[in-house]
1. Out of the residues in the stretch 177-192 that are open to solvent by less than 50 Å² (accessible area, probe 1.4 Å) and closer than 20 Å to Asp266 by Cα, which is nearest to the chain's Cα centre (by Cα)?
2. Across the stretch 264-290, what is the total count of residues that are hydrophobic (A, V, I, L, M, F, W, C), touching a Ser or Thr at 6+ places or on another chain (Cβ under 7 Å) and not in a helix (DSSP H, G or I)?
3. Starting from residues that are of a type outside the set (A, V, I, L, M) and assigned to a strand (DSSP E or B), keep the ones in the stretch 219-254 and report whichever is surrounded by the most Cβ atoms within 10 Å (Cβ to Cβ).
4. List every residue pair whose Cβ atoms sit under 7 Å apart, with the two residues 6 or more apart in sequence or on different chains, where the first one lies in the stretch 67-86 and is of a type outside the set (Val, Ile, Thr) and the second, anywhere, is assigned to a loop (DSSP other than H, G, I, E, B) and open to solvent by 50 Å² or more (accessible area, probe 1.4 Å).
5. Regarding Ile260, is this residue out of contact with any strand residue (DSSP E or B) (no Cβ under 8 Å at 6 or more places or on another chain), free of Cβ contacts under 8 Å to residues at least 60 places away in the same chain, open to solvent by less than 70 Å² (accessible area, probe 1.4 Å) and part of a helix (DSSP H, G or I)?
6. Restricting to the stretch 145-175, name every residue that is assigned to a loop (DSSP other than H, G, I, E, B), surrounded by 14 or more Cβ atoms within 10 Å (Cβ to Cβ) and under 30 Å from the mean Cα position of the chain (by Cα).
7. Examine the stretch 112-127 for a residue that is under 19 Å from the mean Cα position of the chain (by Cα), open to solvent by less than 30 Å² (accessible area, probe 1.4 Å), modelled with pLDDT of 90 or more and within 18 Å of Leu180 (Cβ to Cβ), and state whether such a residue exists.
8. Pick from the stretch 96-111 the residues that are open to solvent by 20 Å² or more (accessible area, probe 1.4 Å) and not hydroxyl-bearing (Ser, Thr, Tyr): which of them is modelled with the lowest pLDDT?
Amino acid sequence: MTRIRSLLFFLIVILLIAGAFLYLKPHYFNKVEKYSVSIAVSKSPLSTPFYIAKSINAFEDTCVEVEYNEVLGGLAAFDNVIKGEVDFGTSSDSVIAFQSLTKQAFVTHAMFVQSDNDVKLLTYQVDKVKSAAELKGKKIGVTKGSASEYFLSTLLAIEGLSVEDVELYNYKPADLINGLNNNEVDAIVPWEPFAFNAVKLLKNKVTVQNTKNVNTLSFNLISKIADDLLVEKATCLIQGLNVAIAYIATHPEKSKKIVIDELHSDPSFIDWVWDDYVFKLGLNQSLIFNIKSQAAWAIDMQMSEYNEMPNIDDFIDSRAMIQVDPGAVNIPL
């Protein structure tokens with residue numbers, strides 16, 4: 001009897017230990033070590049995956065706890081990264097291209113959105129401009145040294161023209177609309193949301209030329225040159241973005257509402273740009289081509305004191321992206 005009691009007691013102890021293990025395992029043994037990371041997020045609907053990730057807690061099951069630092073524009077985000085004020089930033093391929101000429105030490109981990117209609121050409125409706133060829137001799141408002149001027153150069157080149165065939169007027173992005181409204185220029189080349197604001201203000205006085213597919217803009221996750229720990233953090237960020245992008249695909253209307261609330265934006269503006277956006281993670285040849293093209297253009301335009309084309313591959317770090325989705329990486333390794 002004593003032996004039976006001892007055996008039963010032993011079995012009960014074993015069962016209690018097993019139960020405790022099963023209870024504690026998800027709480028402790030599977031617990032992911034969390035790193036605190038900060039990211040400068042450009043205040044734009046192009047940053048939508050980050051807003052969605054925050055709203056749906058997409059980083060909860062990853063190794064990072066994310067602190068958002070909202071800034072105005074991809075260049076401001078880039079500066080925050082270079083100054084060491086944040087770990088990561090969101091920047092356009094234009095910023096990456098122009099900054100690659102300055103020999104700054106940074107890398108791109110992933111592209112998370114593309115738009116083939118973010119920069120637009122607006123003309124006076126009364127001028128009845130049908131193509132960029134009719135811009136010859138006209139006064140064009142641009143933001144010099146930016147995607148605005150690069151886009152105009154591309155448009156003109158398609159028609160066999162160059163910027164020397166037009167009169168360029170330089171404006172800050174928000175001031176382009178005033179240049180057109182005050183008849184200082186015949187056309188302007190703004191990016192969003194300034195194109196939307198111009199159309200909303202001037203209504204039927206302006207025509208938005210059909211320039212879709214002429215140039216593709218992307219937003220990308222960047223950091224300083226990454227050591228193994230920073231790559232691990234980037235991997236976890238990309239994992240969260242992957243969850244957010246899947247949510248956008250399955251819940252587009254809820255996603256738009258999240259962005260509207262986050263940016264305190266006019267719903268009609270989000271509707272205006274939404275269909276032009278392709279939310280998808282990747283590192284591919286199109287990104288490399290766009291960066292190289294804009295860097296070469298900047299050198300030709302003597303925008304920088306540097307006249308040597310950098311090795312763009314040095315500014316791409318595919319290690320994190322490969323860990324999340326190797327099929328989305330289409331660049332030489």
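The values are calculated or read from the model by the stated rules, or taken from the named source; none is laboratory data. Note that the coordinates shown come from a computational prediction; the quantities given were computed from them, not determined experimentally. Here Cβ is always computed from backbone atoms with ideal geometry, including for glycine, and neighbour counts include all displayed protein chains. Side chains included, ligands, DNA and RNA excluded: accessible areas come from the protein's heavy atoms. Shrake-Rupley method; radii C 1.70, N 1.55, O 1.52, S 1.80 Å.
1. Of all residues in the stretch 177-192, those open to solvent by less than 50 Å² (accessible area, probe 1.4 Å) come to 177, 179-180, 185-190, 192.
Those still in the list that are closer than 20 Å to Asp266 by Cα too: 177, 190, 192.
Values: Ile177: 24, Pro190: 18, Glu192: 13 Å.
Out of the qualifying residues, it is Glu192.
2. So the count comes out to 2.
3. The qualifying residue surrounded by the most Cβ atoms within 10 Å (Cβ to Cβ) is Phe219.
4. Glu70/Lys43; Leu72/Lys43
5. Details: out of contact with any strand residue (DSSP E or B) (no Cβ under 8 Å at 6 or more places or on another chain): yes; free of Cβ contacts under 8 Å to residues at least 60 places away in the same chain: yes; open to solvent by less than 70 Å² (accessible area, probe 1.4 Å): yes; part of a helix (DSSP H, G or I): yes.
It is true that Ile260 is out of contact with any strand residue (DSSP E or B) (no Cβ under 8 Å at 6 or more places or on another chain), free of Cβ contacts under 8 Å to residues at least 60 places away in the same chain, open to solvent by less than 70 Å² (accessible area, probe 1.4 Å) and part of a helix (DSSP H, G or I).
6. So in the stretch 145-175, the residues assigned to a loop (DSSP other than H, G, I, E, B) come out as 145-146, 159-162, 166, 171-172.
Now restrict to residues that are surrounded by 14 or more Cβ atoms within 10 Å (Cβ to Cβ): 145-146, 159, 161, 166, 171.
Selection gives Gly145, Ser146, Glu159, Tyr171.
7. yes
8. Of all residues in the stretch 96-111, those open to solvent by 20 Å² or more (accessible area, probe 1.4 Å) come to 98-99, 102-105.
Retained after the next criterion (residues that are not hydroxyl-bearing (Ser, Thr, Tyr)): 98-99, 103-105.
Working: Phe98: 90, Gln99: 91, Lys103: 79, Gln104: 85, Ala105: 91.
In this case the residue turns out to be Lys103.
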